[in-house]
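Colleague: If you scroll down you'll find the structure; I have some questions about it.
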Amino acid sequence: MRQLGTTLIAACVVSCTPPSSEQAVDTAVADRLMETGRYREAAAAYGEAAALHSHSAPVHARLARACAASEDLGAAVRAYRQAVSLDSSDVISRAEMAVLLVRLDRFPEAYDALHEALRVDPGYAWAHNILGQLHGREGKYDEAVASYRRAVAAVPDYGEAWYNLGQVHLKQRETEAAREAFTHAVGVDTTDGRFYSGLGAVHLKLRQYGEAAAVLEEAVRLQPLLARAHFNLGNAYMRLGREEEGRRELETFRQLEDQERRITSLETTILQDPGRAGLYHNLALIHGQRGEFGKARERYLQAIARDPNYAPSYHNLGNIQLRHGLTREAMGFYRRALRADSSYVPAYRSLGNTYMMQGAYEAALRIYRQGLEFEPDNEALRERAGLAAQAVQARSSR
């Protein structure tokens with residue numbers, strides 16, 4: 001499911017192009033909202049444009065993408081259906097709609113959408129790739145192989161399809177075919193850790209432990225969050241007698257697996273209850289722990305879109321900005337957190353710390369003291385206030 005969702009996002013980057021001249025509609029405001037992660041507002045703006053220009057297929061397609069980004073998948077599917085009813089040649093919208101139908105467990109409709117896209121464009125490699133994933137999910141491995149083969153026949157340098165083909169061959173225990181597919185994938189893109197991970201799994205099955213370790217080391221170097229690559233690397237190390245390294249990799253695998261289970265659980269809950277800000281915030285926390293700061297930022301923004309007074313998300317957005325050296329922007333988010341909830345003590349601490357970094361000790365002391373009014377026994381805040389007071393005194397005695 002998550003792989004199909006990633007595919008959808010990638011497709012939107014390609015397909016969110018300006019509408020054709022004969023259907024040109026001013027969606028500049030909605031486009032900007034979309035670009036800044038304000039998806040619900042973008043969906044509302046696109047919805048207004050779609051109401052005014054009901055015969056504009058591109059506007060309905062953009063509305064669908066905004067609804068999908070804001071996790072309103074039912075509305076997204078309806079908007080996609082309207083788009084393709086207005087433009088039967090829009091195979092991209094059909095394929096994107098199929099991805100959402102999979103997430104909604106509406107598999108027959110997903111198949112129909114993909115088959116219709118391929119009827120319009122039999123060489124549409126992305127649709128063949130998604131169809132292969134659908135077949136694979138249902139254990140129809142021969143059909144999946146056929147779909148992936150069609151995808152790479154249409155686009156020989158389609159690394160994702162080669163990788164997916166290799167995964168199916170592994171499940172079929174067709175090791176040599178899997179090796180060939182993963183080798184093609186690596187040849188297409190030497191920067192994707194998943195492709196190396198697949199090839200490493202093949203070496204492991206062939207008991208080529210040295211080759212497996214070398215390839216899997218490259219996989220985790222490129223993508224440190226690949227849980228399965230850490231698992232296979234740990235096993236390769238154990239087979240090579242490198243037990244300490246093996247245990248370390250297996251522990252990393254267990255941690256990543258736990259994070260991925262939590263992410264999947266939260267994403268599933270969001271589909272059932274998309275209005276709860278706390279769900280997006282908790283998902284952002286996990287992404288932040290994993291170093292996925294772009295994803296974390298997006299989820300914090302979605303939390304705020306659902307609850308404009310959700311102080312923790314403003315505060316953590318400030319932390320992300322500060323991490324990237326954007327001090328002024330960070331302070332702005334800390335202040336917004338305090339406007340949303342004047343008793344949110346972590347924001348006082350972070351804002352005061354930022355003033356301390358700038359040498360603004362008087363301002364820092366004032367902020368710390370404001371926080372202590374809400375939590376007088378907060379030892380960390382009291383300590384910071386003491387340091388700020390000492391810095392103020394030292395400066396005044398010069």
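Each row is one residue, and each column tells you yes or no for (1) basic (Lys, Arg); (2) at pLDDT below 90.
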residue: VAL25; (1), (2): no, yes
residue: ARG38; (1), (2): yes, yes
residue: ALA44; (1), (2): no, no
residue: GLY47; (1), (2): no, no
residue: LEU52; (1), (2): no, no
residue: ALA61; (1), (2): no, no
residue: ALA69; (1), (2): no, yes
residue: LEU73; (1), (2): no, no
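Colleague: If we only count helices (runs of 4 or more DSSP H) wholly inside the stretch 97-175, which ones have 1 or more residues that are surrounded by fewer than 15 Cβ atoms within 10 Å (Cβ to Cβ) and more than 26 Å from the chain's Cα centre (by Cα)? Lay out the reasoning, then the answer.
Modeller: Numbers: elements: 107-120, 125-137, 141-154, 159-171.
By residue number, 107-120, 141-154, 159-171.
Colleague: Confirm whether GLU211 is surrounded by fewer than 18 Cβ atoms within 10 Å (Cβ to Cβ) and under 15 Å from LEU199 (Cβ atoms). Before you say what the answer is, go through the steps one by one.
Modeller: Details: surrounded by fewer than 18 Cβ atoms within 10 Å (Cβ to Cβ): yes; under 15 Å from LEU199 (Cβ atoms): yes.
In short, yes.
Colleague: Can you give me the number of residues within the stretch 149-167 that are aliphatic (A, V, I, L, M) and more than 25 Å from ASP121 (Cα to Cα)?
Modeller: Start the filter on the stretch 149-167 by keeping residues that are aliphatic (A, V, I, L, M), which leaves 151-155, 161, 165.
Add one more test, that the residue is more than 25 Å from ASP121 (Cα to Cα), and what stays is none.
Of the residues in that region, 0 qualify.
Each row is one residue, and each column tells you yes or no for (1) within 15 Å of the chain's Cα centre (by Cα); (2) among the aromatic types (Phe, Trp, Tyr).
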| site | (1), (2) |
| --- | --- |
| GLU257 | no, no |
| ARG261 | yes, no |
| SER265 | yes, no |
| GLN272 | no, no |
| ARG276 | no, no |
| TYR280 | yes, yes |
| GLU292 | yes, no |
| GLU298 | yes, no |
| LEU301 | yes, no |
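The values are calculated or read from the model by the stated rules, or taken from the named source; none is laboratory data. Quantities reported herein were computed from a predicted structural model and do not represent experimental measurements. No Cβ is skipped: glycine too gets one built from the backbone with ideal geometry, and neighbour counts run over all protein chains shown.
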